[in-house]
Amino acid sequence: MQSITLLGATGSIGLSTLDVVARHPDRYRIYALTAHSKIDELAALCLRFHPEVAVVGSADAAQRLSRMLRDSGLKTDVSYGEQALCDVASAAECTTVMAAIVGAAGLKPTLAAAHAGKKVLLANKEALVMSGQLFMDAIAASGATLLPIDSEHNAIFQCLPLNYQRTPDAHGIRKILLTASGGPFLNRDVATLEHVTPEEAVAHPNWSMGRKISVDSASMMNKGLEVIEAHWLFGAAPEQIEVVIHPQSVIHSMVAYADGSVLAQLGNPDMRTPIAHALAYPDRIDSGVEAIDLARIAQLEFHQPDYERFPCLRLAFDALQAGGSAAAVLNAANEIAVEAFLERKIGFRRIPQLIDLVMERLPVAAVNDLGSLLEQDRLARAYALELMHA
Ligand code: NAD
Ligand code: MG
């Protein structure tokens, strides 16, 4: 029986995870559920899944949730704040941690799970993009198991040989082919991109996701973050990672081998597939996702990405090449820019411009510990805000 801490239970990945968990009460039970501010939603999830602990963002929220749970006769312990998130991610009572908080807010709890040697199911790509080597070192030192939830990386994982050791050359791997839908603006006139609204940006053609990752998909920063994620997860050099536009989102990614074989993983675009895969690995379980109907899909298309239309993709490759703090700076500037775009403070095209300026201004620094990483994150955020208000 796996005992799960679900970080970010009220989000898109969180709810898909609970949907899979609920199908297999013989395999999984919930130890802890966390949410930032959606207290009513979290209370409803607690009533359904009876966690031992629930964690929220503030003392006020904790008080409200405690009262609601007590009134319903639940004995769930309620706590709040970052340390409480780290505590449930590393608790002896849990075997498995689903890291599904969005953005840098998930870094410390996800790292705590890695240090504690848990089975870590990683959806929170920003945590890995920021901390790179530190994160992979923590996994190696504790003997934790790291399984990717991001659909592309889960697909790649499924196409790799058993006991893959993060050395593509040693396994006869030529390239990792990361597929991208291209998002809602794939074919839109570039000249009109400045005026797109948050509503248009979050309307993804194939996937239903949280707001931040939806904007990242529209700018293709999501694919950029995924390139960096693939580098760390699979030990692939930047030149070994190729982005392929595939608007149908049926092939979730591919691995090209030295003998000319290309292995792909296909499925309907539904995150319950990678979630079920990682939860049950190496077994296979029902995820609730329907079988794919290839005759109905009929056509699969592939194109090269357009770096003029999607400058964020180039910026992410640049950050990966630069190494050190560059990816953390890219991520921090992007989080600030995306939030500002969602709040209608800046236009869509300003997102890559701001990131570019922040990366130019901040010299690449070595990141040897969490302290220096958090300092670079702080500097990049402060500078992005300053530029925005200049
Ligand atoms: P979401 O916005 O739907 O949910 C985010 C969750 O994080 C919520 O439960 C929220 O309470 C919690 N949260 C937000 N801010 C927090 C904070 N400051 N402190 C603690 N908790 C906080 O996001 P999502 O779409 O589920 O994405 C979650 C992560 O998974 C992201 O890193 C995203 O890139 C990744 N991911 C998502 C998908 C998808 O299909 N949604 C696919 C691949 C990867
Ligand atoms: Mg993805």
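The values are calculated or read from the model by the stated rules, or taken from the named source; none is laboratory data. Note that this is a predicted model, so its numbers are computed, not measured. Cβ atoms come from the backbone with ideal geometry, glycine included; neighbour counts cover every protein chain shown.
On the stretch given as the stretch 306-324, residues that are part of a helix (DSSP H, G or I), in contact with a strand residue (DSSP E or B) (Cβ under 9 Å, 6 or more places away or on another chain) and either surrounded by fewer than 20 Cβ atoms within 10 Å (Cβ to Cβ) or of a type in the set (Phe, Trp, Tyr) (or both) total 1. Would you mind finding the one in Gly132, Gly117, Gly106 that is within 30 Å of Ala316 (Cα to Cα) and assigned to a loop (DSSP other than H, G, I, E, B)? Matching residue, one of Gly132, Gly117, Gly106: Gly117.
Can you say whether Ala365 is in a helix (DSSP H, G or I) and small (Gly, Ala, Ser), as far as the supplied structure shows? No; evaluated as a whole, the condition is false for this residue.
Of the residues in the stretch 223-235, at least one is touching a residue at least 40 places away in the same chain (Cβ under 8 Å), of a type in the set (Asp, Glu) and surrounded by 22 or more Cβ atoms within 10 Å (Cβ to Cβ). Taking the stretch 256-270 only, how many residues are outside any loop (DSSP other than H, G, I, E, B) and under 20 Å from the mean Cα position of the chain (by Cα)? Final tally of qualifying residues: 2. Residues in the stretch 186-198 that are under 13 Å from Gly347 (Cβ atoms) and of a type outside the set (A, V, I, L, M): Thr192, Glu194, His195, Thr197, Pro198.
Report, by residue number, each residue of the stretch 271-305 that is in a loop (DSSP other than H, G, I, E, B) and in contact with a helix residue (DSSP H, G or I) (Cβ under 8 Å, 6 or more places away or on another chain).
Within the stretch 271-305, Met271, Arg284, Ile285, Asp286, Ser287, Gly288, Val289, Pro305 qualify.
Filtered by the rule that a residue be surrounded by 21 or more Cβ atoms within 10 Å (Cβ to Cβ), within 6 Å of ligand 1 (Cβ to nearest atom) and not polar (S, T, N, Q), the stretch 10-41 gives Gly11, Ile13, Gly14, Ala35. Do we have any residue at all in the stretch 71-78 that's within 14 Å of ligand 1 (Cβ to nearest atom), in a helix (DSSP H, G or I) and at pLDDT 95 or above? Looking through the stretch 71-78, none of the residues is within 14 Å of ligand 1 (Cβ to nearest atom), in a helix (DSSP H, G or I) and at pLDDT 95 or above. The residues of the stretch 353-371 that are small (Gly, Ala, Ser) and crowded, with 16+ Cβ neighbours inside 10 Å amount to a single one, Ala365.
The set of residues in the stretch 194-226 that are farther than 20 Å from Gln248 by Cα and not in a loop (DSSP other than H, G, I, E, B) comprises Glu194, His195, Pro198, Glu199, Arg211, Lys212, Leu225.
Within the bounds of the stretch 48-57, is there any residue that is surrounded by fewer than 20 Cβ atoms within 10 Å (Cβ to Cβ), more than 16 Å from ligand 2 (Cβ to nearest atom) and on the phi > 0 side of the Ramachandran plot? Checked the stretch 48-57: at least one residue is surrounded by fewer than 20 Cβ atoms within 10 Å (Cβ to Cβ), more than 16 Å from ligand 2 (Cβ to nearest atom) and on the phi > 0 side of the Ramachandran plot.
Annotation note: Cβ proximity below 7 Å between a residue of the stretch 202-219 that is farther than 12 Å from Phe341 by Cα and a residue that is within 11 Å of ligand 2 (Cβ to nearest atom) and in a helix (DSSP H, G or I) (sequence gap 6+ or interchain) occurs for His204/Ser217; Ile213/Asn222.
Scanning the stretch 5-47 for residues that are more than 16 Å from ligand 2 (Cβ to nearest atom) and hydroxyl-bearing (Ser, Thr, Tyr), we see that the one that is farthest from Ala89 (Cα to Cα) is Ser37.
Residue by residue through the stretch 167-198, note down the ones that are at pLDDT 95 or above and of a type in the set (D, E, K, R). Answer for the stretch 167-198, where residues must be at pLDDT 95 or above and of a type in the set (D, E, K, R): Asp169, Arg174, Lys175. For the stretch 24-61, a residue qualifies if it is in contact (Cβ under 8 Å) with a residue 40 or more places away in the chain and of a type in the set (Gly, Ala, Ser), and exactly one does: Ala32.
With respect to the conditions (1) more than 24 Å from Leu266 (Cα to Cα); (2) within 16 Å of ligand 2 (Cβ to nearest atom), Ala144 lacks only one, and its number is (2).
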